[in-house]
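First comes the structure, then the notes that go with it.
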Amino acid sequence: MSDLLYSPLLQALAKNAIDIPDKVALEEAKRRITYHELFIAIRKTASFLQEKGIQKGDKVILSADKEIDFVFVYFASHMLGAINVVVDPAMRKERLEYIVDITHPKISFGLKTPIKGCLHQEFPLSLSNMPSYKKSGSICNITDTADIMFTTGTTGKPKGVCLSHLNIFSSARNINAFIGNTAEDIEALALPLSHSFGLGRMRCCLLQGTSLVLLGNFANLKLFFEAIEKYQITGFGMVPAVWAYIQKLSGDRISKYSQQIKYIEIGSAAMSIEDKRELLALFPDTRICMHYGLTEASRALFMEFHDKQGCLNTIGAPSSSEVLVKIRDEAGHEVPMGEQGEITVSGDIVMSRYFLPKDNEGMFFGSYFRTGDWGYLGQDGNYYLVSRKKELINIGGKKVSPTEIEEAILKTGVSECACISVKDPNGILGEVVKAFVVKGKEDISFDEIRSRISGKLEPYKVPVFFEWIKSIPKTSSGKIQRLLLKEHSCLN
């Protein structure tokens, strides 16, 4: 394993293949992979990539909701020192083209349509006749980029978050230490592997020697409950929108498994105090852990509901002693306890950089990443969030740029528009989009606008609410004053 020193995750997988070879690592409906088989498959996939000419530093587009072969390619790329560019399979063509244009991938896996000038491979892989993996002569370092995850920037253009081998290992180690999952656990993963949360859960489980069961999603609760029973699931991750969905469709049925479920990780969006109390009542002996963090600084803060019953509105404390969190003013100076400022994070969990140099401008105070979120440190040692990032809309855990939606609406012939987040009236997604529109020369209805943009945006990005407005409020420099629009929306 000396050739894998740069990747603690690969070292852990190699060790698990020796220590617990027959233990189930990954399982889906008709397939089961042990830790011994997993490491062999990773090496064979690395050999497959070598046959395709992939080497250190090359970009590998990786796309899938939940495929065991996704895991093979993910770690095989790391074994060669290549870089995974993880993308959502539902990503719009224009967005994918932008990512491809700036990253120049050598090969893609799991995409429905091949990329011009790039090798294309669909799942499942055929690895039976692969030659033995040959160790690469390239020297890899723990600080080398392992993955690039694209998040939404406030300009509407996705930002490439460069995560090193050290970043992804440190994050997984911290999460496991806080949640307390062990090699005896069996976790259900119904989150997409192409998103930071789902990918993080996969890394946590395989690092710890936990068995991971890949499920479709939470849409079919009957199948989810059946899986809990069939596989004797002891833990799972979810976003608050999923909990709202479970409550709405099944009430308290999930409490039937309260003695079986040892842990639940919750993240990606705000959750009401009422929902937290409901979970506490339904799972009196389960560790219910909620994280605060971004793709750029994964799971920086954690809270456990039972431990924080007196302050359920907190976002928690640093996930480990290695994670440093400071509240700073606009100039970067640390502010006193109780005073509001920007939440900044430092430590091995913080990304090395954004892929494009221009995206890094003004994003750090020294080694501290600027989250763009405002909060304060309480007297109780917990951090409190005052407001989320000022513009991004959080739809069921998916961060959406209002600029992207506005650009689509402007192409319908309206004069001006601006989008904001409003509370989902159904209580499922947390937030949905509302569009304020200034009429143009063409007499167009909201239904016509909705119809024209539906083919240009993912369905969840299409505004749920529209409102005509005489003019869009802006600052002297031309920036949309979304706070004024939110206040106007509340009054109406």
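One residue is enough: does the range 460-472 have a residue meeting the conditions of a type in the set (A, V, I, L, M) and under 30 Å from LYS248 (Cβ atoms)? Outline the logic, then answer.
First pass over the range 460-472, keeping only residues of a type in the set (A, V, I, L, M): 462, 464, 469, 472.
Of the ones still in play, those that are also under 30 Å from LYS248 (Cβ atoms) are 462, 464.
Yes: one or more hits.
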Q: Working only within the range 45-62, note down all residues that are in a helix (DSSP H, G or I) and either surrounded by fewer than 20 Cβ atoms within 10 Å (Cβ to Cβ) or among the acidic types (Asp, Glu) (or both).
A: SER47, GLN50, GLU51
Q) Somewhere in the range 232-246, is a residue surrounded by 15 or more Cβ atoms within 10 Å (Cβ to Cβ), farther than 26 Å from SER319 by Cβ and in contact (Cβ under 8 Å) with a residue 12 or more places away in the chain? A) yes
Q.
ASP65 - would you say it is crowded, with 18+ Cβ neighbours inside 10 Å, out of contact with any helix residue (DSSP H, G or I) (no Cβ under 6 Å at 6 or more places or on another chain) and assigned to a loop (DSSP other than H, G, I, E, B)?
A. yes
Q.
Being outside any strand (DSSP E or B) and under 25 Å from the mean Cα position of the chain (by Cα) is true for just one of LYS308, LYS326. Which residue is that?
A. LYS308
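Can you say whether ASN129 is touching a residue at least 60 places away in the same chain (Cβ under 8 Å), out of contact with any Leu (no Cβ under 6 Å at 6 or more places or on another chain) and in a loop (DSSP other than H, G, I, E, B), as far as the supplied structure shows? Even if it seems obvious, please write down each step before you answer.
Values: touching a residue at least 60 places away in the same chain (Cβ under 8 Å): no; out of contact with any Leu (no Cβ under 6 Å at 6 or more places or on another chain): yes; in a loop (DSSP other than H, G, I, E, B): yes.
The answer is no for ASN129.
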Q) Applying the selection to the range 255-288, what residues are part of a helix (DSSP H, G or I) and either of a type in the set (Phe, Trp, Tyr) or not assigned by the TED database to the domain that holds CYS205 (or both)? A) TYR257
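Working carefully through the options MET79, MET149, find the one that is closer than 29 Å to SER171 by Cα, more than 20 Å from the chain's Cα centre (by Cα) and modelled with pLDDT of 90 or more. I'd like the intermediate steps shown before the answer.
Details: MET149 fails: more than 20 Å from the chain's Cα centre (by Cα).
When all the criteria are applied, what remains is MET79.
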Q: Identify the residue in the range 23-54 that is touching a residue at least 24 places away in the same chain (Cβ under 8 Å) and polar (S, T, N, Q) and, among all such residues, is farthest from LYS135 (Cα to Cα).
A: THR45
Q.
With the requirement that a residue be of a type outside the set (S, T, N, Q) and more than 21 Å from LEU385 (Cα to Cα), what does the range 325-371 give you?
A. ASP348, MET351, ARG353, TYR354, PHE355, LEU356, PRO357, LYS358, ASP359, GLU361, GLY362, GLY366
Q: Find the helices (runs of 4 or more DSSP H) located wholly in the range 373-492 whose residues include 3 or more that are outside the structural domain of ARG92 (by the TED database), surrounded by fewer than 18 Cβ atoms within 10 Å (Cβ to Cβ) and at pLDDT 90 or above, and list them.
A: 446-454
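Looking only at the range 315-324, count how many residues are farther than 26 Å from LEU392 by Cβ and either in contact (Cβ under 8 Å) with a residue 24 or more places away in the chain or buried (at least 23 other Cβ atoms within 10 Å of the Cβ) (or both).
Taking the range 315-324 as the starting set, the residues that turn out to be farther than 26 Å from LEU392 by Cβ are 320-322.
With either in contact (Cβ under 8 Å) with a residue 24 or more places away in the chain or buried (at least 23 other Cβ atoms within 10 Å of the Cβ) (or both) added as a condition, the list becomes 320, 322.
Result for the range 315-324: 2.
Have a look at ASN181, ASN167 and point out the one that is modelled with pLDDT of 95 or more, surrounded by 23 or more Cβ atoms within 10 Å (Cβ to Cβ) and either aromatic (Phe, Trp, Tyr) or in contact with a Lys or Arg (Cβ under 8 Å, 6 or more places away or on another chain) (or both).
Values: ASN167 fails: either aromatic (Phe, Trp, Tyr) or in contact with a Lys or Arg (Cβ under 8 Å, 6 or more places away or on another chain) (or both).
Answer to the selection: ASN181.
From the list GLY110, GLY117, GLY137, which one is surrounded by fewer than 13 Cβ atoms within 10 Å (Cβ to Cβ), modelled with pLDDT under 95 and at positive phi? Let's see the steps before the verdict.
Values: GLY110 fails: surrounded by fewer than 13 Cβ atoms within 10 Å (Cβ to Cβ); GLY137 fails: at positive phi.
The conditions single out GLY117.
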Q) Is the range 352-362 home to any residue that is farther than 29 Å from ILE266 by Cα, in contact with a strand residue (DSSP E or B) (Cβ under 7 Å, 6 or more places away or on another chain) and part of a strand (DSSP E or B)? A) no
Q | Residues located in the range 7-38, provided they are in contact with a strand residue (DSSP E or B) (Cβ under 9 Å, 6 or more places away or on another chain) and part of a helix (DSSP H, G or I) | A | LEU9, LEU13, ASN16, ALA17, TYR35, HIS36, GLU37, LEU38
Q.
Name the residue that is modelled with the lowest pLDDT, counting only residues in the range 270-314 that are surrounded by fewer than 22 Cβ atoms within 10 Å (Cβ to Cβ) and in contact with a Pro (Cβ under 9 Å, 6 or more places away or on another chain).
A. ALA270
Q. From the set of residues in the range 191-208 that are in contact with a strand residue (DSSP E or B) (Cβ under 7 Å, 6 or more places away or on another chain) and of a type outside the set (A, V, I, L, M), which is surrounded by the fewest Cβ atoms within 10 Å (Cβ to Cβ)?
A. GLY198
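Just checking, how many residues over the range 170-194 are over 23 Å from GLU67 (Cβ atoms), touching a helix residue (DSSP H, G or I) at 6+ places or on another chain (Cβ under 9 Å) and among the hydrophobic types (A, V, I, L, M, F, W, C)? Steps first, answer last, please.
Quick first cut of the range 170-194, residues over 23 Å from GLU67 (Cβ atoms) only: 170, 173-174, 176-180, 182-184.
Still in the list and also touching a helix residue (DSSP H, G or I) at 6+ places or on another chain (Cβ under 9 Å): 170, 173, 176, 179, 182-183.
Imposing the further condition that a residue be among the hydrophobic types (A, V, I, L, M, F, W, C) reduces the set to 179, 183.
Qualifying residue count, the range 170-194: 2.
The values are calculated or read from the model by the stated rules, or taken from the named source; none is laboratory data. What you see is a predicted model, and the numbers here were worked out from it, not measured in a lab. Reconstructed Cβ throughout: ideal geometry from the backbone, glycine too, with neighbour counts over all protein chains shown.
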